[in-house]
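Read the structure below first, then the notes.
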Amino acid sequence: MPRYANVPGPTIRRLSLYLRQLEAMWSAGRDTVSSKQLGDALGVTDAQVRKDLAYFGQFGRPGIGYRVPHLIDQARMILGTDQTWRAALVGAGNLGRALIAYRGLARKGFKIVAVLDRDASIIGRPLPDSDGLAVLPVSTLPEVVPAKNIRIGIIAVPAPEAQPVADLMLQAGVQGIVNFAPVALNVPPGVPVSAIDLAIHFEQVAFQVAELAD
Ligand code: NAI
């Protein structure tokens with residue numbers, strides 16, 4: 001049974017937001033924070049903050065609130081970002097190259113240690129801003145994943161290719177997938193998948209803007 005099997009998904013997602021906010025507060029020199037201050041910064045109620053954090057233990061002290069560095073450590077431990085996660089990226093196109101160049105991932109403990117593609121014209125080429133990574137043939141995934149101790153797969157291929165790439169990743173030993181292709185993946189039960197479909201966020205904002213106009 002996973003440690004946090006009973007924690008609702010929205011709570012886990014808010015924990016990431018709390019962590020980001022706490023890191024910003026810590027950088028700004030703040031040592032303690034109340035559930036109200038944390039909630040206000042993120043647009044959630046103090047009751048929600050307390051309820052979310054109570055899933056993981058007793059962190060706060062009445063009258064004092066939460067100690068920011070302690071809560072950061074705890075949130076990182078719960079989210080697993082206190083360790084380095086090694087990831088393989090499949091698809092070295094426009095999005096893939098942007099992800100490789102994005103330093104924010106490594107700062108959060110996610111290190112892209114292999115980049116794979118099927119396009120012969122880019123295989124073997126070094127990637128800019130990648131600490132010397134070169135594109136590997138996607139067919140080498142079954143050897144690369146165990147050799148480089150990779151646990152997370154990142155999919156940045158066109159939508160019709162995403163499912164075969166996901167299948168290949170799982171066969172190779174990848175344990176969880178972040179999917180940027182706008183398509184729902186079929187994976188065995190229990191395999192963690194996070195889908196990042198930018199269009200959905202645009203749709204949500206467009207809907208709300210349209211509502212404002214009415
Ligand atoms: P792209 O066409 O620039 O790059 C795709 C890369 O995937 C190419 O290098 C291609 O050779 C490789 N590829 C295709 N099939 C493959 C396979 N079976 N195995 C290994 N490599 C394979 O496309 P782009 O723009 O980078 O988009 C990639 C995915 O990300 C798409 O699904 C797109 O909808 C999504 N996306 C793109 C965004 C962007 O800003 N470019 C933003 C959000 C999502």
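Every number in this text was worked out from the coordinates using simple rules, so none of it is lab data. If you're wondering where the values come from, they're calculated on a predicted model, not measured in any experiment. In this analysis, Cβ positions are derived from the backbone assuming ideal geometry, glycine residues included, and neighbour counts consider all displayed protein chains.
Put +1 on the Cβ of each Lys and Arg and -1 on the Cβ of each Asp and Glu in segment 1-84; which of Ser16, Ala75, Leu53 then has its Cα farthest toward the positive end of the dipole?
Highest projection toward the positive end goes to Leu53.
Quote the charge dipole size of segment 85-200 about the Cα centre in Debye, to the nearest 20; the model charges only the Cβ of Lys and Arg (+1) and of Asp and Glu (-1).
For segment 85-200, the charge dipole is close to 440 debye.
Just the ratio, please: alpha-carbon radius of gyration of segment 9-79 over 2.2 N^0.38 Å, N its number of residues.
Compactness ratio reported: 0.96.
What do you get for Rg/Rh of the chain when both radii come from the Cα atoms and Rh is the Kirkwood radius?
Dividing the radius of gyration by the Kirkwood radius yields 1.02.
Going from the alpha-carbon gyration tensor of segment 33-128, what semi-axes, largest first and in whole Å, does one get by taking the root of 5 times each eigenvalue?
40, 13, 10
With a cut-off of 20 Å, note down the residues of segment 51-68 whose backbone N falls inside the zone around a label point 7 Å from the Cα of Lys36 toward its beta carbon.
Once the point is set 7 Å along Cα→Cβ of Lys36, 51-54, 59-68 turn out to lie under 20 Å by backbone N, inside segment 51-68.
Is the C-alpha gyration tensor of segment 85-200 telling us rounded, prolate or oblate? Criteria: a/c under 1.5 is rounded; beyond that, a/b larger than b/c is prolate, otherwise oblate.
rounded
Could you name the lysines whose alpha carbon sits less than 30 Å from that of Lys148, not counting residues in the same chain fewer than 8 places away?
Here the lysines satisfying the reach criterion relative to Lys148 are Lys108, Lys111.
Looking at the chain, send over the antiparallel percent of its DSSP beta bridges, to the nearest 5.
Percent antiparallel among DSSP bridges in the chain is about 15.
Just rank Arg13, Arg50, Arg3, fewest to most, by other beta-carbon atoms within 10 angstrom.
If I rank by nearby Cβ atoms, fewest first, I get Arg3, Arg13, Arg50.
Only four residue types carry charge here, +1 at the Cβ of Lys and Arg and -1 at the Cβ of Asp and Glu. Report the dipole size of the chain about the Cα centre in Debye, rounded to the nearest 20.
800 debye
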